[in-house]
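What follows is a set of notes on a single structure, which appears directly below.
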Amino acid sequence: MAEQESGKTAGADPARMRLTFGVMTEINIIAQLSAAAFEAAMPGWSLAHFSVIQHLIRRGEGATPLELARAFQQPKTTMTHTLQVLERRGLIFFSPNPRDGRSKLVMLSDAGRDWHAQAMARVARNQAALHERLAPGTLEALAPHLTHLRAVMDALRD
């Protein structure tokens, strides 16, 4: 009890905690740099816009606004604002949800798919410098570990 009150977690190894915190700090910095690079490549668009479109592309089907808010761990009001921007710009549209009739599904428009392809092309051009500076095999080595880390963290939030 006294150990928990002092802010320490029972069984936590301080060196491992420092390592975990250091890794998470690096991931956060990489996320910030990535968002800034995306927004520089796509003026007038945010990474949030791209992320929703990318999510819909990956899903291959529509999603409710609530499903999207949960997927991005955002309040529904924040997601609603993002979706309103995307709808106003013609990248998504809302369709009745055939599963329950009360909610609506967010669907990609043809313009949304085209915009996604253009965004991917611009980002790919800008990432060429990154690829040139990384040692061969770096991304291939990192990818499975990052995927595993994401899966574990995702499971812990449930």
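Counted by Cβ distance under 14 Å from residue 72, the other residues give a net charge of +4, where Lys and Arg count +1 and Asp and Glu count -1.
With the convex hull of the Cα atoms taken as the outline of segment 39-89, the averaged projected area works out to 3.6 nm².
Using the Cα centre of the chain as origin and beta-carbon charges of +1 (Lys, Arg) and -1 (Asp, Glu), tell me which of 28, 48, 138 is placed farthest towards the positive end of the dipole. Among 28, 48, 138, the one farthest towards the positive end of the dipole of the chain is 48.
Among 22, 60, 112, the largest mean-square fluctuation in a Gaussian network model of the chain, built with springs joining Cα atoms closer than 10 Å, belongs to 22. Charge dipole of the chain (Cα centre as origin; +1 on each Lys and Arg Cβ, -1 on each Asp and Glu Cβ, all else neutral): 340 debye, rounded to the nearest 20. Over all orientations, segment 44-157 has a Cα convex hull whose mean projected area works out to 8.8 square nanometres.
Please return the longest stretch of the chain lacking exposed loop sites, where trypsin sites (Lys or Arg not before Pro) count only if DSSP places them in a loop and at most 15 other Cβ atoms lie within 10 Å.
No qualifying site falls inside 9-88, the longest such stretch.
For the chain, set up a GNM with springs between Cα atoms under 10 Å and report which of 101, 44, 137 has the largest fluctuation. Highest fluctuation of the listed residues: 137.
How much space per residue, in cubic angstrom, does the convex hull of the C-alpha atoms of segment 55-117 take up?
84
Relative contact order for the chain: what is it in percent, counting Cα pairs under 8 Å that are at least 6 residues apart? Across the chain, relative contact order equals 17 percent. Amide H contacts for residue 105 (H built 1.01 Å from N in the peptide plane; partners 5 or more residues away or on another chain; cut-off under 5 Å): 95, 97.
Where a number appears in this text, it was derived from the coordinates with a stated rule and is not lab data. What you are looking at is a predicted structure, and each value in this text was computed from that prediction instead of being measured. Using ideal geometry, Cβ is built from the backbone for each residue, glycine included, and neighbour counts are taken over all protein chains shown.
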